[in-house]
Amino acid sequence: MKAIRNSLAWGAGVLILASSLSAHHGTGVSYDQSKAYSVKATVTEFRYANPHPQLFFDVKDEKGNIVHWSGEIAPNPAQLVQDGWGKKRSETALAPGTEVTITLAPSRLGTPVGLIDQIVGPTGELILGLRANNQPGGPAAGQGR
């Protein structure tokens, strides 16, 4: 009887682990990289959290109406820290009210959600995205750590 309980517990653990691994990383399914575009936006909130930081921002549509967007930043916080982009630095650069230009892959469902590829600050500085050597990652090369 004990062997059966141990087998069931082990099996349940494997199923839980497998389902959590397959549940994440649906970015290719959720976002259309082939239709990436840039928008001028105003940051409303930044969340430096696992599994991916999130940015909330407002964009004016073609009629001048404000549309509330959310975007997922692909590197996780640990990867951002490795590139010198810690929580405090991120929250400072992406403070509410900051005007930015965001390049994103839109949701395949047409909702105001996207996968953020690049963030450019109000003076044209690259905040997040391709580095000077065109490698994806945190801040642009040459920006202080």
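The values are calculated or read from the model by the stated rules, or taken from the named source; none is laboratory data. Nothing here was measured: the structure is a model prediction, and the numbers come from that model. Ideal geometry is used to build each Cβ from the backbone, glycine not excepted, and the neighbour counts take in all protein chains shown.
Residues in the range 40-66 that are assigned to a loop (DSSP other than H, G, I, E, B), under 10 Å from the mean Cα position of the chain (by Cα) and under 21 Å from residue 122 (Cβ atoms): 48, 53. Of the candidates 121, 144, 129, 138, the single residue that is at pLDDT 85 or above and among the small types (Gly, Ala, Ser) is 121. Residues in the range 48-98 that are of a type in the set (Asp, Glu) and buried (at least 17 other Cβ atoms within 10 Å of the Cβ): 72, 83. Taking residues in the range 80-100 that are under 14 Å from residue 129 (Cα atoms), and partners anywhere that are among the charged types (D, E, K, R) and part of a strand (DSSP E or B), the pairs with Cβ atoms closer than 8 Å and at least 6 places apart or on different chains are 100/40.
Of everything listed in (1) surrounded by 11 or more Cβ atoms within 10 Å (Cβ to Cβ); (2) modelled with pLDDT of 75 or more, the single unmet condition for residue 27 is (2). Does residue 109 qualify as being at pLDDT 85 or above and more than 16 Å from the chain's Cα centre (by Cα)? Judged against the criteria, residue 109 is a match. Counting only residues that are at pLDDT 95 or above and either out of contact with any Leu (no Cβ under 8 Å at 6 or more places or on another chain) or part of a loop (DSSP other than H, G, I, E, B) (or both), the range 67-94 holds 3 of them.
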